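> First the structure, which I've put down as structure tokens, then a few questions once you've had a look.
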Amino acid sequence: MVYSSVKIPIGKVLLYDIRKNLYMQDLSNSVRAFIADEERFGAHNYLPLDVVITRGEGAWLWDVDGRKYLDCISAYSAVNQGHCHPRIQAALVQQAKRLTLTSRSLRNDRMPEFLRRLTELCGYDMALPVNTGVEAIETAIKLVRKWGYEVKGINDDTAEIIVFTNNFHGRTTTVISASATPEYRKHFGPLTPGFVFVPYGDADALERAITPNTCAVLIEPIQGEGGVIVPPEGFLKRAWALCKEHDVLFVADEIQTGLGRTGELFACDHDGVKPDVLVVGKALGGGFYPVAAVLANTPIMGLFKPGEHGSTFGGNPLGSAVAIAAMEVIVEEKLAERARYAGAKIMQGLRTIHTPLVRELRGRGLLIGIEFTLPARKLSEALLERGVAAKDTHENVLRIAPPLVIDDEAIAYFLNAYKDALSNISA
């Protein structure tokens, strides 16, 4: 079906103008058809790149026209193990033939092994399995508030959680209430109270913000969506120490940074910090299935009683089987070490490409941010033309986060494409 003369509702015209009018772009009829259907029948809560992917393998993607792209997005760390990893795929298929869902009203034979493997890997007594990262953040918020009331002795409905400017923990109503970014909050109120904002990386401001009502500090050890912001040296360690000093729980959102992405199993490991509550997700599902979890030791996690929290799909046998295989791949294929090596090689290559368009390079492992003096969307589109899929964030930052299985040949491919894109934009 060709949509060269598709009728678009009036409300769509502005969107098409903003996107430089997709019908003026050099797109095939098949790509136009897919995009037109998505724009016509889907809500406009994303502004994706105009490429339609149909297949993935390892660090590579192919579109519906057969063109190959190096994936430098990794579904925001959900495919750390690479696309369609055969070991995780086999676990999915095998389990799908046996049992996929029971709900938590019954026990299943896969969740216990998943919980054991996960707690052993992460170093905690207990885990609460859910589906998505934001669901895990919501779970953590409930858990630390409950701890605040029942253990710390905070008066009912007065507990506060300290969060940081420029953070991103998801987009539910409560979680956007913990965000200082106006576009996440505007016209979605009334918002949930109980969050106190301090500047990211400012330990003195954090100390001043702690009160007897503070039950937790919620932090990303590296702010990914916020532009790959790495905190100042020693900040995480001091923040963790302040929590210990003031009887406050340290909650680490490692949904994007965890499970090998930054060159250690968790980004907090770089600073020798052990969170009281650890939130994981994305790569836990290996790119096949949404799996996330909250981990803590028994004195904290044991506060939840039957009926106080739940998730129909959380800990389902299919997701559990996938997560077991996903963790095995991360550990046995040494993907954290691979991220450390590949990230260093990419950063080294980026530093040899001199241009006034780059304001700053930052990151750890295979979570790299390139801040430009111009909108990063221009670089993102230029790279796409050269067979590299990379996404802009916070207007001027290009995030480079390929699957951890990326090899040297693919790294060279990226650096060549990046250098060529820059030279053409400069011209």
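> For the range 292-319: of the residues being farther than 16 Å from Ser103 by Cβ and buried (at least 24 other Cβ atoms within 10 Å of the Cβ), which is nearest to the chain's Cα centre (by Cα)?
Looking at residues that are farther than 16 Å from Ser103 by Cβ and buried (at least 24 other Cβ atoms within 10 Å of the Cβ), I get Ala292.
> Moving to a separate point now. What is the residue count in the range 171-212 for residues that are among the polar types (S, T, N, Q), within 23 Å of Lys152 (Cα to Cα) and surrounded by 15 or more Cβ atoms within 10 Å (Cβ to Cβ)?
The qualifying residues number 1.
> Pairs needed: first member in the range 55-69, free of Cβ contacts under 8 Å to residues at least 40 places away in the same chain and farther than 17 Å from Gly286 by Cβ; second member anywhere, assigned to a strand (DSSP E or B) and open to solvent by 50 Å² or more (accessible area, probe 1.4 Å); C-beta distance under 8 Å; at least 6 residues apart or different chains.
Correct list of pairs: Trp62/Ile53; Trp62/Thr54; Trp62/Arg55; Trp62/Lys68; Asp63/Ile53; Asp63/Thr54; Val64/Ile53; Val64/Thr54.
> For Gly170, are the conditions met, namely being within 23 Å of Ile300 (Cβ to Cβ), in a loop (DSSP other than H, G, I, E, B) and either under 22 Å from the mean Cα position of the chain (by Cα) or small (Gly, Ala, Ser) (or both)?
Considered against the rule, which asks whether it is within 23 Å of Ile300 (Cβ to Cβ), in a loop (DSSP other than H, G, I, E, B) and either under 22 Å from the mean Cα position of the chain (by Cα) or small (Gly, Ala, Ser) (or both), Gly170 comes out as yes.
> Surrounded by fewer than 17 Cβ atoms within 10 Å (Cβ to Cβ), part of a loop (DSSP other than H, G, I, E, B) and either in contact (Cβ under 8 Å) with a residue 60 or more places away in the chain or among the hydroxyl-bearing types (Ser, Thr, Tyr) (or both): is that true of Thr257 in this structure?
Considered against the rule, which asks whether it is surrounded by fewer than 17 Cβ atoms within 10 Å (Cβ to Cβ), part of a loop (DSSP other than H, G, I, E, B) and either in contact (Cβ under 8 Å) with a residue 60 or more places away in the chain or among the hydroxyl-bearing types (Ser, Thr, Tyr) (or both), Thr257 comes out as no.
> Within the range 213-241, which residues are open to solvent by 40 Å² or more (accessible area, probe 1.4 Å) and part of a loop (DSSP other than H, G, I, E, B)?
Asn213, Val230, Pro232, Glu233
> Any residue at all in the range 326-343 that is among the hydroxyl-bearing types (Ser, Thr, Tyr), part of a loop (DSSP other than H, G, I, E, B) and more than 20 Å from the chain's Cα centre (by Cα)?
No, that holds for no residue.
> Considering only the range 287-321, state which residues are of a type in the set (Val, Ile, Thr) and out of contact with any Gly (no Cβ under 6 Å at 6 or more places or on another chain).
Val294, Thr298, Ile300, Thr312
> Output the residues belonging to the range 104-137 that are of a type outside the set (A, V, I, L, M, F, W, C) and in contact with a Phe, Trp or Tyr (Cβ under 8 Å, 6 or more places away or on another chain).
Once the filter is applied, which keeps residues that are of a type outside the set (A, V, I, L, M, F, W, C) and in contact with a Phe, Trp or Tyr (Cβ under 8 Å, 6 or more places away or on another chain), the range 104-137 yields Pro129, Asn131.
The values are calculated or read from the model by the stated rules, or taken from the named source; none is laboratory data. Just so we're clear, the structure is a prediction, and the values are computed from it rather than from any experiment. Here Cβ is always computed from backbone atoms with ideal geometry, including for glycine, and neighbour counts include all displayed protein chains. Quick note on the areas: whole protein, heavy atoms, side chains included, nothing else; ligands and nucleic acids left out. Shrake-Rupley method; radii C 1.70, N 1.55, O 1.52, S 1.80 Å.
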